[in-house]
Amino acid sequence: MTENQVKVPFASPAWVDIACGVLEDLVAQHGEDGVNYSVGEAFAEAPEEISDDEGFAAWYFYVEGKSVRVGVGRVTDTDIQIQATWELSLDGARTVYTPELRAEWEKNPPQRPPDPNQKIEGDMTTLPAYLGELHNRLAVVTE
């Protein structure tokens, strides 16, 4: 995080704006013609100021080659659908995944509380490795 960059609430419209810029940068560097994928994330029980009428803070993105489309809200037509509880997702959203941390988790997987809202649909292994950088860049600006 740069000195003048403020932290923003997780999955808020301001956070999604930052995610859009990061994705555009990453896809410009790493995207490949013909490689398309999409992800939708929805977080239940989100704070009222950032949630929809059903209590979700949600966002999505579509990558087509070197083109990116990002938005706020829930969609149903993405390759990967992720749902979780907003509060239970915060620690992970704020964690920068270093090689050392990943190695430690391989040896000692973290114990996370059960999440009654957690659902993942689609094959996460199809997503490009550079999306780890999206997570890490967002982690440092997540309030």
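The values are calculated or read from the model by the stated rules, or taken from the named source; none is laboratory data. All values reported here derive from a predicted model rather than from experimental measurement. Quick reminder, even Gly has a Cβ in these numbers, built from the backbone with ideal geometry, and neighbours come from all protein chains shown. Surface accessibility is based on the protein's heavy atoms, side chains included, excluding ligands, DNA and RNA. Shrake-Rupley method; radii C 1.70, N 1.55, O 1.52, S 1.80 Å.
What to note about this one:
- Largest-first ordering by accessible area, 1.4 Å probe, given options Glu133, Glu100: Glu100, Glu133
- Using the 1.4 Å probe convention, the accessible area of the chain works out to 60 Å² per residue with neighbouring protein chains retained.
- The chain - percent of accessible surface contributed by carbon and sulfur, probe 1.4 Å: 49
- With one equal scatterer per alpha carbon and no solvent term, the Debye-computed log10 I(q)/I(0) for the chain at 0.09, 0.13, 0.21 1/Å reads -0.27, -0.59, -1.54.
- About the centre of its Cα atoms, the chain shows a dipole size close to 320 debye [charges on the beta carbon of Lys, Arg (+1) and Asp, Glu (-1) only; nearest 20 debye].
- Cα centroid separation - region 64-87 against region 91-109, whole Å: 23
- Hz values of 3J(HN,Hα) by residue in region 21-38 - Karplus curve (6.51, -1.76, 1.60), Gly and Pro given as x: x, 5, 4, 4, 5, 5, 5, 4, 7, 10, x, 10, 3, x, 9, 10, 7, 8
- Couplings 3J(HN,Hα) for region 104-119, derived from phi with the Karplus relation 6.51 cos²θ - 1.76 cosθ + 1.60 (θ = phi - 60°), are 5, 5, 4, 6, 10, x, x, 8, 10, x, x, 10, x, 9, 6, 8 Hz, where x marks Gly and Pro.
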